[in-house]
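Visitor: Pasting a structure here, questions to come.
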Amino acid sequence: MQDNEHKRLVEMIDGYKGKEGSLIQLLLDLQSEFNWISKDTLQEISERLKIPRSRIYRIASFYEAMSLRPIGKHKVSVCMGTACQVRGSGMILDRTESKLKIKQGETTHDMRFTLKRVNCLGCCAIGPVMVVDDDYHGRVTSDRVERIIKKYD
Amino acid sequence: MVRLRSIEELELLRSEILSSRDSTKPLVAICAGTGCLTLGARLVVRAFQEYLIKKGLEKEIEIKETGCPGFCEKGTLVVVYPRGVYYIGVHQDDVPDIVEETILKGNLVDRLLYKDPETEENAVVESEIPFYKYQMRHLIKNNIKIDPRNIEDYIALGGYSALARALSEMTPEEVIKEVKISNLRGRGGGGFPTGRKWESTREATGDPKYVIVNCDEGDPGAFMDRALMEGNPHSVLEGLIIAAYAMGSHKGFIYVRMEYPLAVQNATLALQQAREYGLLGENILGTGFDFDVSIHRGAGSFVSGESTALMNALEGWVGEPRPKYVHTSQKGLWGRPSALNNVETFANVPLIIKHGAKWFNSIGTERSKGTKIFSLVGKVNNTGLVEVPMGMTLADIIYKIGGGIPGNKKLKGVQTGGPSGGIIPDRYLNTPVDFDELTSLGSMMGSGSIIVIDEDTCAVDLARYFVDFLCSESCGKCLPCREGLKRMREILDSIESGRGTETDIQTLQEIAELMRTASLCALGRTAVNPVLSTIRYFREEYDAHIKDKRCPALSCKSLVSYSIDPEICIGCDLCRENCPQGAIYKDDGGFAVVDQSKCMRCGICFEICPKKVRAVVRESRGLPGEKR
């Protein structure tokens, strides 16, 4: 970890000092800032907030939103909620997997894309839905998958 | 803005806002809910802004980015006031026409109006569109009128007057009594009487007391809480403050799932503004009542929506349920009396205080009062959020409001209640929808998703889908849920791949019985509903998979095959180019052929083959000749 990154980390952790029950919120902030929760980060939180590492690890490994490995530059999520499912999102996921040549949950070798299946993004009326970073794509068809991915390539 | 120090000041502010607003001035309301944003609402907003500046009209015509009014199917939605002309499917290129024709000349832009598919007649205003005509919209009707990021919009429409009334004219006991008489039942799924929950929290010993909004809407297929939190956060907040007053709480939490970033944003802003206006914090409206609220983001876990799990998460622990030997109204968050209600439940509270319990009781069925927002999704023409009185039949919701099933397909049934609910077959469509009717059919209301399925959806596969979903979401704390789901998934997998045996159904039922009896939380206990309800109503489909090794819906991958009819194929090559497996090659005559040894039966070729051609044949492997 570089010095400025470490400084930022310490700042963020200290911002939550003394706030009861805020560990999950801190981890969410760290995830979005650094894209993953590293072993060093766990250690740092543990020392500064006096929380056992095991407890932090348990939370970081429990939640979908947190990753204990670095994730790709672009995060691709394919919604597998029921409404998307009955409208064919399985096919969209198949197509995305074969396009990126990874399975869901994995990251491409060049660290460009991480693919995830998510359980409902609440855009059920316009499914199947796919989200890349913060951009929502609705009514996705399997031939659109390639064009969507290309935009971020 | 100065803090409001009394109820009179709130009323004064309301009349000031109203008198400063000219109701005859043209106003363009653009839905900026997540659904319409996905369909390009941001571009439409920008196009309006730029066009008005270009024409020097930015002072004369107001633009408002609003919440979701529900008709997501036809987004981007634009409503032009004062007349209320309702435009659907608006694209940025349509903006000049709307400004020039509708706003400046008063003409209608025909192509953007809702056209009745049968009569071809245009609907001009909201109430003329069948999707809205049959609804009763009390909770989401204001979404299209309000900019959720502006508290004054909410106040202008009478917002916070219920809070003012509760604080000044009612004792906390009277508020609870009113909610009790209203028979409001929790909208999150269980249907527990809200008034009783509040009463026991109020009477419980322990201090401080907490009130919690559950916006961890994890049910796949449900998004009404998102629409309320994004589109009208102050209505939820007002309900929450009234609840806190009734129960004697001074600290509240709003738990929002992080999959809803816009809801997090709008709720945060709503809290800030409410604080600035003196509607939160110390001495609210000068009445001496103190209350404040924090937001807690969920981190992606379905089980965390369960009340005790959610409280664990608020305390900074892993969000998994704890045993409920003692009700959370006695010992909840940090061991203190806590009341947790769903977003929609809280949004109902200001209406009950404002119009009275008697009014609320006049809507709905005998044991389920008021309206309910449903998310009508899946294989239905008009998808979106619909708010109807409890007791409307499924048929009316699907056909009158939803406009029926697309593509001349046959309706198979509806899935309600998410992973805790079940699938109701088409023969029960005349069932009035309320808490008890749905439960008696082996399903449940849940948070209100109605997922319409047609003949192309396999009942076994849908059951497997939910079991698979729950497998990955089960927290693993108790054995019946953790292991039971895994075993059920294995059995369903083998049935789907044609390896099912005659005893499988009995085994599934045995596991289900055990899970229902012995799981720690409601999620585990109800997780069996998708499986049991499909066995109950779609037994013949299970039998077809097990005995004949065929999938009647032609959906289970292992039981279908794809081929290309050379008589029909036009050689366009689309299927070959798009086959992810490279399983399609060209024969000597230039026609596409599927190599069965490589094909993984994803169905992309079937979907991509031009609709006018339809040369790709999907066939049942168990029963050649059964095709579609």
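Visitor: When you scan the range A:46-153 for helices (runs of 4 or more DSSP H) that lie fully inside it, which ones turn up with 1 or more residues that are surrounded by fewer than 20 Cβ atoms within 10 Å (Cβ to Cβ)?
Guide: Hits in the range A:46-153: A:53-62, A:89-100, A:142-152.
Visitor: Which numbered condition trips up B:Pro26, out of (1) within 14 Å of chain A (Cβ to nearest Cβ); (2) surrounded by fewer than 21 Cβ atoms within 10 Å (Cβ to Cβ); (3) not hydrophobic (A, V, I, L, M, F, W, C)?
Guide: (1)
Visitor: If you don't mind, another one. Note down all Cβ pairs under 8 Å where the first residue falls in the range B:66-82 and is in the same structural domain as B:Ile401 (by TED's automatic domain parsing) and closer than 19 Å to B:Val388 by Cβ, the second is of a type in the set (S, T, N, Q) and at pLDDT 90 or above, and they're at least six residues apart or on different chains.
Guide: none
Visitor: Follow-up. Considering only residues that are in contact with a Lys or Arg (Cβ under 8 Å, 6 or more places away or on another chain) and not in a helix (DSSP H, G or I), which ones fall in the range B:147-172?
Guide: Result: B:Asp147, B:Leu157, B:Gly158.
Visitor: Quickly run through the range B:558-591 and pick out the residues that are within 13 Å of another protein chain (Cβ to nearest Cβ) and among the aromatic types (Phe, Trp, Tyr).
Guide: If the condition is that a residue be within 13 Å of another protein chain (Cβ to nearest Cβ) and among the aromatic types (Phe, Trp, Tyr), then B:Tyr562 is the only one that fits.
Visitor: Still on this structure, please answer the following. Looking at the range B:214-255 only, could you name the residues that are closer than 16 Å to B:Gly33 by Cα, acidic (Asp, Glu) and more than 9 Å from chain A (Cβ to nearest Cβ)?
Guide: B:Glu230
Visitor: Something else about it: Inside the range B:23-46, can you point out the residues that are over 30 Å from A:Gly127 (Cβ atoms) and out of contact with any strand residue (DSSP E or B) (no Cβ under 9 Å at 6 or more places or on another chain)?
Guide: If the condition is that a residue be over 30 Å from A:Gly127 (Cβ atoms) and out of contact with any strand residue (DSSP E or B) (no Cβ under 9 Å at 6 or more places or on another chain), then B:Thr24 is the only one that fits.
Visitor: Select from the range B:292-307 the residues that are over 22 Å from the mean Cα position of the chain (by Cα) and surrounded by fewer than 20 Cβ atoms within 10 Å (Cβ to Cβ) and write down the one among them that is nearest to the other protein chains (Cβ to nearest Cβ).
Guide: Step by step, filter the range B:292-307, then rank; the result is B:Ser294.
Visitor: May I ask you to say which residue of B:Val613, B:Val594 is of a type in the set (A, V, I, L, M, F, W, C), touching a Phe, Trp or Tyr at 6+ places or on another chain (Cβ under 6 Å) and either closer than 20 Å to B:Val560 by Cα or more than 14 Å from chain A (Cβ to nearest Cβ) (or both)?
Guide: B:Val594
Visitor: I'd like to know if the range B:131-144 contains one or more residues that are under 27 Å from B:Leu269 (Cβ atoms), under 24 Å from the mean Cα position of the chain (by Cα) and basic (Lys, Arg).
Guide: Yes - at least one qualifying residue is present in the range B:131-144.
Visitor: Of these, B:Tyr51, B:Tyr86, B:Tyr81, which one is surrounded by fewer than 21 Cβ atoms within 10 Å (Cβ to Cβ), within 20 Å of B:Arg137 (Cβ to Cβ) and modelled with pLDDT of 90 or more?
Guide: B:Tyr81
Visitor: Taking the range A:20-41 as the region of interest, how many residues are outside any helix (DSSP H, G or I) and at the interface with another protein chain (Cβ under 9 Å from one of its Cβ atoms)?
Guide: 3
Visitor: Tell me which of these B:Leu520 doesn't satisfy, since it passes every other one: (1) outside any helix (DSSP H, G or I); (2) more than 27 Å from the chain's Cα centre (by Cα); (3) within 30 Å of B:Pro321 (Cβ to Cβ).
Guide: Failing condition for B:Leu520: (2).
Conditions (1) within 14 Å of another protein chain (Cβ to nearest Cβ); (2) at pLDDT 95 or above; (3) surrounded by 18 or more Cβ atoms within 10 Å (Cβ to Cβ), marked per residue:
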{"position": "B:Arg21", "(1), (2), (3)": "no, no, no"}
{"position": "B:Ile30", "(1), (2), (3)": "no, yes, yes"}
{"position": "B:Leu39", "(1), (2), (3)": "yes, no, yes"}
{"position": "B:Glu58", "(1), (2), (3)": "no, no, no"}
{"position": "B:Glu62", "(1), (2), (3)": "no, no, no"}
{"position": "B:Gly67", "(1), (2), (3)": "yes, no, yes"}
{"position": "B:Phe71", "(1), (2), (3)": "yes, no, yes"}
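Visitor: Next question. Mind listing whichever residues of the range B:89-121 are within 28 Å of the chain's Cα centre (by Cα) and buried (at least 18 other Cβ atoms within 10 Å of the Cβ)?
Guide: Those that are within 28 Å of the chain's Cα centre (by Cα) and buried (at least 18 other Cβ atoms within 10 Å of the Cβ): B:Val90, B:Gln92, B:Leu112, B:Leu113, B:Tyr114.
Visitor: While we're on this one: Of the residues that sit in the range B:372-389 and are under 23 Å from B:Gly159 (Cβ atoms) and crowded, with 24+ Cβ neighbours inside 10 Å, which one is nearest to the other protein chains (Cβ to nearest Cβ)?
Guide: Per the criteria, the residue is B:Leu385.
Visitor: Moving to a separate point now. Limited to the range B:113-145, what total is found for residues that are under 15 Å from B:Ala29 (Cα atoms), touching a helix residue (DSSP H, G or I) at 6+ places or on another chain (Cβ under 6 Å) and either in a strand (DSSP E or B) or in contact (Cβ under 8 Å) with a residue 60 or more places away in the chain (or both)?
Guide: Of the residues in the range B:113-145, 1 are under 15 Å from B:Ala29 (Cα atoms), touching a helix residue (DSSP H, G or I) at 6+ places or on another chain (Cβ under 6 Å) and either in a strand (DSSP E or B) or in contact (Cβ under 8 Å) with a residue 60 or more places away in the chain (or both).
Visitor: Moving on. Can you tell me which residue among B:Ala339, B:Ala347 is more than 11 Å from chain A (Cβ to nearest Cβ), of a type outside the set (S, T, N, Q), touching a Ser or Thr at 6+ places or on another chain (Cβ under 8 Å) and within 27 Å of A:Cys84 (Cβ to Cβ)?
Guide: Exactly one of B:Ala339, B:Ala347 is more than 11 Å from chain A (Cβ to nearest Cβ), of a type outside the set (S, T, N, Q), touching a Ser or Thr at 6+ places or on another chain (Cβ under 8 Å) and within 27 Å of A:Cys84 (Cβ to Cβ), namely B:Ala347.
Visitor: Would you be able to say whether some residue in the range B:201-213 is within 14 Å of chain A (Cβ to nearest Cβ) and over 29 Å from B:Pro419 (Cα atoms)?
Guide: Yes, because at least one residue in the range B:201-213 is within 14 Å of chain A (Cβ to nearest Cβ) and over 29 Å from B:Pro419 (Cα atoms).
Visitor: Which of the residues spanning the range B:578-599 are surrounded by 12 or more Cβ atoms within 10 Å (Cβ to Cβ) and within 18 Å of B:Val613 (Cα to Cα)?
Guide: Answer for the range B:578-599, where residues must be surrounded by 12 or more Cβ atoms within 10 Å (Cβ to Cβ) and within 18 Å of B:Val613 (Cα to Cα): B:Asn578, B:Cys579, B:Ile584, B:Lys586, B:Phe591, B:Ala592, B:Val593, B:Val594.
Visitor: If you check every pair at least six apart or on different chains, which have Cβ atoms under 7 Å apart with a residue in the range B:310-325 that is more than 10 Å from chain A (Cβ to nearest Cβ) first and a residue that is assigned to a helix (DSSP H, G or I) and of a type in the set (Val, Ile, Thr) second?
Guide: What qualifies is B:Pro321/B:Val303; B:Pro321/B:Thr308; B:Arg322/B:Thr308; B:Lys324/B:Thr308.
Visitor: Among the listed residues A:Cys79, A:Cys123, identify the single one that is within 11 Å of chain B (Cβ to nearest Cβ), in contact with a Phe, Trp or Tyr (Cβ under 7 Å, 6 or more places away or on another chain) and of a type in the set (A, V, I, L, M, F, W, C).
Guide: A:Cys123
Visitor: Quick check on this structure: which one of B:Glu567, B:Glu541 is out of contact with any Phe, Trp or Tyr (no Cβ under 9 Å at 6 or more places or on another chain) and part of a helix (DSSP H, G or I)?
Guide: B:Glu541
Visitor: Right, another one. Any idea which of (1) charged (D, E, K, R); (2) at pLDDT below 95; (3) under 27 Å from A:Gly81 (Cα atoms) is the one B:Arg185 doesn't satisfy?
Guide: (2)
Visitor: Oh, and also: Do you know which residues across the range A:94-115 are within 23 Å of A:Tyr63 (Cα to Cα) and within 10 Å of another protein chain (Cβ to nearest Cβ)?
Guide: Listed by number, the list holds a single entry, A:Glu97.
Visitor: Residues of the range B:523-538 being among the aliphatic types (A, V, I, L, M) and not in a helix (DSSP H, G or I), which ones?
Guide: B:Ala527, B:Val528
Visitor: I've got another one for you. Please go through the range B:359-385 and give me each residue that is modelled with pLDDT of 95 or more, farther than 16 Å from B:Arg185 by Cβ and within 19 Å of the chain's Cα centre (by Cα), ordered by number.
Guide: Passing the criteria: none in range.
The values are calculated or read from the model by the stated rules, or taken from the named source; none is laboratory data. This is a predicted model, so every value here is computed, not measured. As a convention, Cβ positions derive from the backbone with ideal geometry for all residues, glycine included, and neighbour counts pool all protein chains shown.
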